[in-house]
1. Assess whether VAL139 counts as being part of a strand (DSSP E or B), open to solvent by less than 80 Å² (accessible area, probe 1.4 Å) and under 19 Å from VAL187 (Cβ atoms).
2. Do any residues in segment 1-14 that are without any contact (Cβ under 8 Å) to a residue 40 or more places away in the chain have Cβ atoms under 8 Å from those of residues that are open to solvent by 100 Å² or more (accessible area, probe 1.4 Å) and of a type in the set (Ser, Thr, Tyr), where the two are at least six apart or on different chains, and which pairs are they?
3. Out of VAL143, VAL122, VAL138, VAL182, which single residue is among the β-branched types (Val, Ile, Thr), under 21 Å from GLN44 (Cβ atoms) and out of contact with any Lys or Arg (no Cβ under 9 Å at 6 or more places or on another chain)?
4. Would you pick out the residues in segment 1-21 that are of a type in the set (Gly, Ala, Ser) and open to solvent by 90 Å² or more (accessible area, probe 1.4 Å)?
5. Let me spell it out: the conditions are (1) at pLDDT 95 or above; (2) in a loop (DSSP other than H, G, I, E, B); (3) surrounded by fewer than 18 Cβ atoms within 10 Å (Cβ to Cβ), and TYR94 meets all of them except one. Which number is the exception?
6. Of all residues being more than 15 Å from ASP106 (Cβ to Cβ), of a type in the set (Val, Ile, Thr) and not in a helix (DSSP H, G or I) in segment 49-73, which is least open to solvent (accessible area, probe 1.4 Å)? Just the residue, please.
7. For segment 117-142: of the residues being out of contact with any helix residue (DSSP H, G or I) (no Cβ under 6 Å at 6 or more places or on another chain) and polar (S, T, N, Q), which is modelled with the lowest pLDDT?
8. Mind checking which residues of segment 25-39 are surrounded by 10 or more Cβ atoms within 10 Å (Cβ to Cβ) and either modelled with pLDDT of 90 or more or at positive phi (or both)?
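The values are calculated or read from the model by the stated rules, or taken from the named source; none is laboratory data. None of these values were measured; they are calculated from a predicted model. Using ideal geometry, Cβ is built from the backbone for each residue, glycine included, and neighbour counts are taken over all protein chains shown. Ligands, DNA and RNA are excluded from the accessible area calculation, which covers all protein heavy atoms including side chains. Shrake-Rupley method; radii C 1.70, N 1.55, O 1.52, S 1.80 Å.
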Amino acid sequence: QQIKEAKMKNRSSKDVFIAFDEWNAWTRTFGGTDNTLSEIYDLQDALIVAQYLNIFLRTCDIVKMANMAQLVNVIASMRVDNELWKQTTYYPLYLFANNCRGKALDIYIKSPAYSTDKYKEVPYLDVSSTYEPSRNEVVINVVNRNKDKAITADILSQTGSFDKKATANIVSGANTNITNSVNEQNVDIKKEEIKTSGE
């Protein structure tokens, strides 16, 4: 909105884009066992990363580049502790990188909501979507921000119809504080088949 206002004020037709550099979840400092900038991420961090990715998709007409900060060891989605292992934040990155292709779709969300001190009526469901014409494939990315309840959602297409089945890739865990380690992958991707019908 501010870019549009600045263009109007200056009577400029030049497009201005955003590069979002070195983003990542980082909620603790010196969290690693070696007292460095290493970070052990939990499921909550994975959900934050997924929400960042949703934002970037929804604003891809303006945000043309978004570089994640470090990828191995320091505030990273992968760690090497004698062997490579995947942190919780690896999984949303993997799903977006391998599935979100083609065009970002304009979506409308109607969801139960919550309020904060700053914002009113924040939808519990955070959503983005893409369409890949060559594969005739729609990908819908959903983060449930309600830590206590599952939310049932209807997905409706205003243009075209769905096949008879879809695949859901689910990143979840026993609670939002659960972490992975070199020995345990408590958070990963679970696949489920979903029946669909028409639009």
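1. Numbers: part of a strand (DSSP E or B): yes; open to solvent by less than 80 Å² (accessible area, probe 1.4 Å): yes; under 19 Å from VAL187 (Cβ atoms): no.
No.
2. Between residues of segment 1-14 that are without any contact (Cβ under 8 Å) to a residue 40 or more places away in the chain and residues that are open to solvent by 100 Å² or more (accessible area, probe 1.4 Å) and of a type in the set (Ser, Thr, Tyr), the close pairs are LYS7/SER13.
3. Working: VAL122 fails: out of contact with any Lys or Arg (no Cβ under 9 Å at 6 or more places or on another chain); VAL138 fails: under 21 Å from GLN44 (Cβ atoms); VAL182 fails: out of contact with any Lys or Arg (no Cβ under 9 Å at 6 or more places or on another chain).
Going through VAL143, VAL122, VAL138, VAL182 in turn, the sole match is VAL143.
4. SER13
5. So the condition that TYR94 fails would be (2).
6. VAL63
7. Of all residues in segment 117-142, those out of contact with any helix residue (DSSP H, G or I) (no Cβ under 6 Å at 6 or more places or on another chain) come to 117-125, 127, 129-138, 140, 142.
Within this subset, residues satisfying the condition of being polar (S, T, N, Q) are 129-130, 134, 136.
On the way: SER129: 97, THR130: 97, SER134: 94, ASN136: 91.
Only one residue tops the list, namely ASN136.
8. First, the residues of segment 25-39 that are surrounded by 10 or more Cβ atoms within 10 Å (Cβ to Cβ): 25-28, 30-32, 36-39.
Within segment 25-39, PHE30 is the sole residue that qualifies.
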